[in-house]
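The structure appears below as structure tokens.
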Amino acid sequence: MAGYKPKVISLTKRPGHSFGFYLRVEYAVDGHLIRCLEMGGPAELAGLKDGDRILRVNGTFVDGLSHSEVVDMIRNSGASVTFHILDEASYEQAKATGVNLSDPQSTPVANGGAKPALKPKLCYLVKSSSGYGFSIRSVKGEQGLFMAEVIRGGVADRAGVSVNDRLLEFNGENVEGSTHDQVVDKIRLAGGSSIMFLLVDEETDRHFQNKHMKLGAWLATAKYLPHKPRIIQLTKGPDGYGFLLKEERKHPAGHFIKDLDRDSPAEKAGVKEMDRLVAVDGKEVDRCSHEQVVDKIRQSGNKCCLLVVDKDTDQMYTQGQVSPIVFLEEIQDSNSPPSYREALNLPAPVKPSTPVQSRKEELKPKLCKMEKASTGYGFHLNGIQGVSGNHIKEVVKGGVADRADLEDDDIVVEVNGVNVEQSSHDEVVEMIRSSGSSLELLVANESVYDQFQAKGVTITRRLLGETSYAQVHTADTPEEEERHEEARPETPTEPARARTPSSSSADSVDERL
């Protein structure tokens, strides 16, 4: 496989979380594709890119295996998995020229591309019934305390702790000059069920020692921390942003969001009651007075960017005596694409004479779950020549579709979890007919669909809020349906690629991993 060097990427996920990507097979496209990368997830942080192909899972060549076989291999791998990855262009070229991708003599390169900046790391450990899953060792003749006996899959391992990491700080206190017994006592006496470490691995430690630079939390990566601050992009409405700012002088001190107006710009952008405001337009406000913070927001004009933290995130950063601003600085230093929330708030093309009602409608698709009655589902599916997508028509009032909140002119995005935006009318009809006595449609009304298209946001179940689930039955929902997809901004569809009923199908199978 000369000239084609796959990347070797190892991922570790936390309990109850995913690796942060979807594994997809797509119609007329070769390979097992990486799609819908979760911003800040293990996959994105490790360097995976949209369109990458998985060649090997834990050393086993999988390019010729079925989608379900590869999914099972990844799931059975547990909390950690190692991939051999080839980028999209190289994969397609290799396929076109008949290169044997299973050649074991290929020379992989770790993580590929540019090497990430060397940084110490913040690790937040929450004690389990079996403890934290590590020990501390000291080496005679060497300065410092080091992590040892990190149990694979244990609390410390999942929090990003590695064997031989050097301990710099414990709960925000520098312990580089402390003895082994002193640090052990500090951990035991700390109480509570969580601890925060600032650690540095061997390579990073050597790098900073050679530069004679002091290490501290202000230099650290926050990528291993379980709770993330939120970047909120706000555009002022007719009545302002729709929240009150209150300064608390007692513990916990800070500037807090209160009295959110319902359906206000702040609520729609994801601001929560009692979020603490950390920064305005990238500037930290912890040491600012209430009046100064209000002025900063006012001076931003009709748009501003807030960095906020909820209670759990705030407590975690406070425990480590480090400001959440390190998260923002790390994001700004990276070339990461905008998050879904940021993409949603990018300015869309202005449409003339937009009705008041459409400006107020919720920017979400709907998941409509139906059980077929003796008279059918109670709707027609229309494919219009020259118009993108398949449209719902003639919804029978009081019928199954009507009760599931399906409406005339809704655009069908998925049928039973499979994206059908580029499928023909006949293909979608056949999928519905073959679904048996139950059917799930992910749909969006025309206005919502157009807005997502204009902003380059892929419509998936991840965009659903709890109130967007329209169900005929209230029976227990399978656990898998609670893991909504991650929406990732993509390049808006070009006019030349407009979908028509006669265009080729682009059926796909998704699995979140």
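The values are calculated or read from the model by the stated rules, or taken from the named source; none is laboratory data. Since the model is a prediction, treat every value here as computed from it, not as a measurement. Ideal geometry is used to build each Cβ from the backbone, glycine not excepted, and the neighbour counts take in all protein chains shown. Ligands, DNA and RNA are excluded from the accessible area calculation, which covers all protein heavy atoms including side chains. Shrake-Rupley method; radii C 1.70, N 1.55, O 1.52, S 1.80 Å.
Roughly to the nearest percent, how much of the accessible area of segment 131-242 is carbon and sulfur, given a 1.4 Å probe?
Carbon-and-sulfur percentage of accessible area, whole number: 48.
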For segment 165-211, the per residue accessible area (1.4 Å probe, Å²) is 50 Å²
Extension length gain for residue 65 and residue 262 (0.36 nm per residue less Cα distance), in nm, is 66.0 nm
Using a Förster distance of 56 Å, the FRET efficiency for residue 181-residue 298 (Cβ separation, nearest 0.05)
0.55
For residue 287 and residue 235, calculate 0.36 nm times their separation in residues minus their Cα-Cα distance, and state this gained length in nm to one decimal.
16.2 nm
Nearby lysines by direct alpha-carbon distance to residue 296 (threshold 29 angstrom, same-chain neighbours under 8 apart not counted):
223, 228, 236, 246, 250, 258, 268, 272, 283, 311, 360, 455
So with the 1.4 Å probe, I'd like the accessible area per residue for segment 359-456, rounded to whole Å².
45 Å²
